[in-house]
Amino acid sequence: MKPWILGLTGGIGSGKSAAAQHFRALGVHLVDADEAARWVVEPDRPALAKIVEHFGAEVLLPDGRLDRAALRARVFQNAEERRWLERLLHPLIRQEICSYLERASSPYAILVSPLLVETDQHKMTQRILVIDVPESLQLERAMQRDQADRKQVEAIIKAQASREERLRHADDVLVNDRDLSWLHSEVERLHRFYLTLRGGQP
């Protein structure tokens with residue numbers, strides 16, 4: 001039987017990646033939308049050639065890979081350029097995710113995406129798990145992990161879907177406000193439950 005797809009999301013500093021890693025350790029086939037976004041712009045992929053044609057060679061590093069910081073600086077200053085880039089990349093990222101999920105052999109597979117509810121990626125899933133955390137803890141963790149200042153992290157939180165918006169889409173919520181062993185035990189509990197589902201439904 002074809003595996004059903006669980007969407008896993010959460011804001012910055014929520015522990016989304018730690019939860020995803022534990023699902024992977026339990027043998028669940030998993031694709032990360034951020035990784036897929038990196039794969040589509042690797043050297044020799046058509047998307048990179050189109051980006052260089054549009055923005056010029058200054059968005060490349062000396063070794064021929066994409067200079068993400070240079071590209072980010074260009075598109076964040078210009079909404080039209082950002083839209084052009086999204087029109088190019090979003091369908092390719094979606095294709096990459098689909099082909100990876102199609103190779104899944106576990107009873108269910110996971111699409112991890114920080115922008116699951118902001119984009120139409122949630123339409124690729126049958127069920128959504130939100131890793132939720134109080135905003136104060138989210139700020140503290142993200143500042144610590146990324147060595148970033150408060151303003152920077154607050155700007156990222158503002159750019160993502162609100163906590164309420166994410167929770168509105170959730171079928172399951174894992175409140176990650178304790179330590180790593182608690183997170184692991186909650187992931188294991190959910191995994192046991194997910195193995196009983198067909199098509200993501202009880």
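Tabulated results
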read-out: Identity of the residue in the range 146-173, within 13 Å of Gly11 (Cβ to Cβ) and of a type in the set (D, E, K, R), that ends up most open to solvent (accessible area, probe 1.4 Å); value: Lys158
read-out: Any hit, the range 48-57, residues being assigned to a loop (DSSP other than H, G, I, E, B) and either surrounded by 12 or more Cβ atoms within 10 Å (Cβ to Cβ) or at pLDDT below 95 (or both); value: no
read-out: Count - residues of the range 13-36 that are aliphatic (A, V, I, L, M) and either at positive phi or surrounded by fewer than 19 Cβ atoms within 10 Å (Cβ to Cβ) (or both); value: 3
read-out: Per-region count, the range 97-111, residues open to solvent by 80 Å² or more (accessible area, probe 1.4 Å) and touching a Pro at 6+ places or on another chain (Cβ under 7 Å); value: 1
read-out: Residue within the range 28-36 that is within 24 Å of Thr196 (Cβ to Cβ), over 15 Å from the mean Cα position of the chain (by Cα) and not in a strand (DSSP E or B) present; value: yes
read-out: Whichever residue in the range 66-79 is among the charged types (D, E, K, R), within 22 Å of the chain's Cα centre (by Cα) and open to solvent by 60 Å² or more (accessible area, probe 1.4 Å) and, among such residues, is nearest to Gln21 (Cα to Cα); value: Arg68
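Residue-wise test of (1) touching a residue at least 24 places away in the same chain (Cβ under 8 Å); (2) over 18 Å from the mean Cα position of the chain (by Cα).
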position: Glu96; (1), (2): yes, no
position: Val112; (1), (2): yes, no
position: Thr119; (1), (2): yes, no
position: Leu139; (1), (2): yes, yes
position: Asp146; (1), (2): no, no
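The values are calculated or read from the model by the stated rules, or taken from the named source; none is laboratory data. As the structure is a computational prediction, the values presented were derived from the model and not from experiment. A quick note on method: Cβ atoms are made from the backbone with ideal geometry, for glycine too, and the neighbour counts reach across all protein chains shown. To get the accessible areas, we keep the full protein, side chains included, count just its heavy atoms, and leave off ligands, DNA and RNA. Shrake-Rupley method; radii C 1.70, N 1.55, O 1.52, S 1.80 Å.
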